[in-house]
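Visitor: Got a structure for you, written out below as structure tokens; questions coming shortly.
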Amino acid sequence: MKILVTCFTHFDIVVVTKLCTIGTAFTIGFLRVYSVKTDKAKELIKEIIAKEDIIYRSKDDGIIGIYNTCVKKNVSLNYFYMMLHYIDTVSYLYIIFPFFIPKDILFDPVKNETVSQIPLPVDSWSPFDTHKHHSLIFIWEEIATTICSLCNYGSDIFFYSYINYVIGQINILQYILSKFEDYKDKIKNQVKCDDDRADLATIRLCVLEHQRILRYINKFNDTMRTVMLLDFLQSSLQLAMLALFVMNIPELATKLAASLFGVISLGRLAIYYWYANEIMIKSFSITDVLYNIKWYDKSPKFKHLLNMFIVRTNVRTGLQIGTLTTMSWQLFFGILKTAYSFLTFVLQTRGI
């Protein structure tokens, strides 16, 4: 606690908050990119591709329509998210900094005169003399930061697609269960069996599909739970630091760009936790669809299997944050409360 008090009391708060905001964002982005390159993540991608091929080869208009709708929503959201981030990054690095940021007045001991220089976009260490090679370092930082930003946003989009796939699969399962009698008749005609056997075959296929979705979620959690935990731990710090940066930066243009970045960062978190909350809610809602099946006209064996299916769908399912808890809206609001508490602490420490 004393270290934090000393840091925010004696250091330039604009520099500290900028480094903390950018550092946390790029660090978690790097971890996401690294996690996507693992063998477990590649297996998830292969599973998605294989399942997509099965869906399109089924020639079932209802299932294909649900899948295509899910894909279109995902593409639209990803495109909007990427462009918003890209516009904010480009405007901040290539428009605001070169043209709107006041120049620093520095003393050059070699020439024994004062010189004016545009401050660097990121306060980082350089192996070269920043005064002598200022233009080259400035250009390098702008290009490097743009590339890092694109990788960061791209990793978010990749994760959104991973998670959105689960929601689409649950929607398809709910659709099949809601049309249970229709799919039972299809199996009955294909296998040439009676109603009882067709009922059992159909509900067993639905159980297997539900188990497959749960295995996918478990694989995702095994692969990404550490990244999700680190993202959760640094989110409050990032939001609080960004708010401090906006409050202390004097330039209006930078204040607006940072505010937009704050809105985007908050939206990024909201998308993650909204998707996770949807998975949890839709998993529970399978129970309602199962209950609407005409189980009262079915055989005792079917009722027993259906009852076991309902019990399993009532178990909480979702994306995990480490081994601590499951992502939900309540946890998202907890992050906001923590960020506000930290922001209040820093403001009181500095007497603002």
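Read-outs throughout are calculated quantities, based only on the coordinates presented, and are distinct from any laboratory measurement. Note that the coordinates shown come from a computational prediction; the quantities given were computed from them, not determined experimentally. Cβ: placed from backbone, ideal geometry, glycine included. Neighbour counts: every protein chain shown.
Visitor: Mind checking which of Pro250, Pro127, Pro102 has the largest fluctuation in a GNM of the chain, springs on alpha carbons under 10 Å?
Guide: Pro127
Visitor: Still on this structure: For Lys132 and Leu233, FRET efficiency with R0 = 35 Å and r from the beta-carbon atoms, rounded to 0.05?
Guide: Working from the Cβ atoms, E equals 0.30.
Visitor: Another question, then. Rank by packing, highest mean first: peptides 113-120, 268-275, with packing defined as the count of other Cβ atoms within 10 Å averaged across residues.
Guide: The most tightly packed comes first, giving 268-275, 113-120.
Visitor: Taking Cα pairs under 8 Å and at least six residues apart, what relative contact order does the chain come out at, in percent?
Guide: 26
Visitor: Specify which labelled value, from (i) 31; (ii) 5; (iii) 9, agrees with percent of Cα pairs over 40 Å apart derived from the coordinates of the model shown.
Guide: (i)
Visitor: In debye, nearest 20, what is the charge dipole magnitude of region 63-144 about its Cα centre with +1 on Lys and Arg Cβ and -1 on Asp and Glu Cβ, if you could check?
Guide: Charge dipole of region 63-144: 480 debye, to the nearest 20.
Visitor: Could you name the aspartates and glutamates whose alpha carbon sits less than 16 Å from that of Lys132, not counting residues in the same chain fewer than 8 places away?
Guide: Excluding near neighbours in sequence, the set is Asp104, Asp108, Glu113, Glu141.
Visitor: For region 220-352, what does the relative contact order come out to in percent, with C-alpha contacts under 8 Å and a separation of six or more?
Guide: About 41 percent, as a whole number.
Visitor: Select from the chain the helices, each a whole stretch of DSSP H, whose alpha-carbon atoms run 15 Å or more along the helix axis and whose Kyte-Doolittle mean is at least -1.0; answer none if there are none.
Guide: Result, helices passing both filters: 13-36, 39-58, 61-90, 134-178, 195-248, 252-291, 300-313, 329-350.
Visitor: Name the trypsin sites (Lys or Arg not before Pro) in region 117-203 that are in a loop by DSSP and that have at most 10 other C-beta atoms within 10 Å, would you?
Guide: Within region 117-203, the qualifying trypsin sites (Lys or Arg not before Pro) (loop, at most 10 other Cβ atoms within 10 Å) are Lys192.
Visitor: Straight-line reach from Lys42: which lysines have a Cα under 21 Å away, not including same-chain ones fewer than 8 places off?
Guide: List returned: Lys51, Lys219.
Visitor: Just want to confirm a number: the relative contact order over region 98-189, from Cα pairs under 8 angstrom separated by 6+ residues, in percent.
Guide: 14
Visitor: OK, next. Over 23 Å between C-alpha atoms is what I'm after, so list which of Lys46/Lys72; Lys184/Lys301; Lys46/Lys192 land there.
Guide: Check vs 23 Å cut-off fails for Lys46/Lys192.
Visitor: At q = 0.21, 0.23, 0.24 Å⁻¹, work out log10 I(q)/I(0) for region 200-259 with the Debye formula, treating every Cα as an identical point scatterer and leaving solvent out; two decimals please.
Guide: Per q value, in the given order, log10 I(q)/I(0) is -0.83, -0.88, -0.91.
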